[in-house]
Amino acid sequence: MTAAWAWYEAGWLRARVVEIEVDVPRELDGLRIAHLSDFHLGAPSRGLRAVRDAVAWVAGRRPDLVCITGDLVSRRRGMGELERLLAELGPSYVVLGNHDFADSRDPFSQRVDPEAFAGLGALLRDESTTHELRGRRIQLVGVDPRAYARREARPHELVDDSADLRILLCHFPGIVKLVPDVFELVLAGHYHAGQIVIPYPGGKVRLAHLRARDVQGVYAYGRTRLHVSPGLGTTFLPFRLFARPEVTELVVRSTR
């Protein structure tokens, strides 16, 4: 019975709108940012339904920015679906995750040629780009997961001090502890909110990442706000338990 529910929950999408206070000019108050993560396409899972529903929800809401933080595919056969979904989303900013390079504990994960991702959205691999909106400049910086794994990521060195809002995209939430307090927003994924969660009085055991913290939601690090997406797909096992897949729309609220 539990396995049947966990299979069902893997496709039971939660769509959430979250207001987040950020030190940005008043012109950017109300800016809407869609955050999606951890598609894990190509693996047999009801997570595919969650991904499709999430993409349809975002496309219908037409946010100001769309950001995707890695683990796009788990099997090479997921690339065709990824291309279709990104086309439906429209312009988006993307970073890759460890599963995109088969760097995981999943024995069935398949490595995808990094060049296969070229042209899929605005892919940021230790790179920066600037988006102009409402007369203000928004800088987006992306971290390559291979540089993060080698402890060579230096996204703060790409910061444009003249930008009005600086957003860092990295698959791994831990990046927020490795960079100076120079980004207003950091968007990450990776933890799947634990994926298989066992509640107990006063706490939870998150089986996918037993020692992880900052596994879902918004966290404050000085002036930086970190949002960790629960993600949409599954890995290793096609189940989620007390860890529903989620797509999030972040609504920026200026503190000025």
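A short reminder: the numbers here are calculations on the coordinates, not readings from a lab. Computed from a predicted structure; not experimentally measured. Note that we place each Cβ from the backbone using ideal geometry, even for glycine, and neighbour counts take in every protein chain shown.
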- Item | Contour excess over end-to-end distance, with Cα ends at W57 and R26 and 0.36 nm allotted per residue | 8.4 nm
- Task: Quickly rank 202-214, 219-231, 184-196, 114-126 as a protection proxy: mean count of other C-beta atoms within 10 Å, highest first.
- Result: 184-196, 219-231, 114-126, 202-214
- Query: By how many degrees, 0 to 90 and rounded to 10, does the Cα axis of helix 47-61 deviate from the longest principal axis of the chain?
  - Reply: 30 degrees
- Using the Cα atoms of segment 63-184 to build a convex hull, what is its mean projected area in square nanometres? 7.9 nm²
- Query: Roughly speaking, what is the stretch gain from E152 to T255, that is 0.36 nm per residue apart minus the C-alpha to C-alpha distance, in nm to one decimal?
  - Reply: 33.8 nm
- Rounded to the nearest 10, the angle in degrees between the Cα long axis of helix 79-89 and the longest principal axis of the Cα atoms of the chain comes to 40 degrees
- Counting only DSSP beta bridges with both partners in segment 133-239, the antiparallel fraction in percent, to the nearest 5, comes to 45 percent
- Message: In whole Hz and in residue order, list the ³J(HN,Hα) couplings for segment 245-256 that follow from phi through the Karplus curve 6.51 cos²θ - 1.76 cosθ + 1.60, θ = phi - 60°; x for Gly and Pro.
- Response: x, 9, 10, 10, 10, 8, 9, 6, 10, 6, 8, 7
- So, for the Cα atoms of the chain, Rg and Dmax in Å stand at 17.1, 56
- Query: If R0 is 45 Å, what FRET efficiency do you get for A87 and V205 from their C-beta distance, rounded to 0.05?
  - Reply: 0.70
- Hz values of 3J(HN,Hα) by residue in segment 8-19 - Karplus curve (6.51, -1.76, 1.60), Gly and Pro given as x: 5, 4, 4, x, 8, 6, 10, 9, 10, 10, 10, 7
- Query: Around G189, what is the net charge, scoring Lys/Arg as +1 and Asp/Glu as -1 over all other residues with Cβ under 9 Å from its Cβ?
  - Reply: -2
- Query: Taking 1 over the mean of 1/r across every pair of different Cα atoms in segment 1-111, what Kirkwood radius in Å do you get?
  - Reply: 15.3 Å
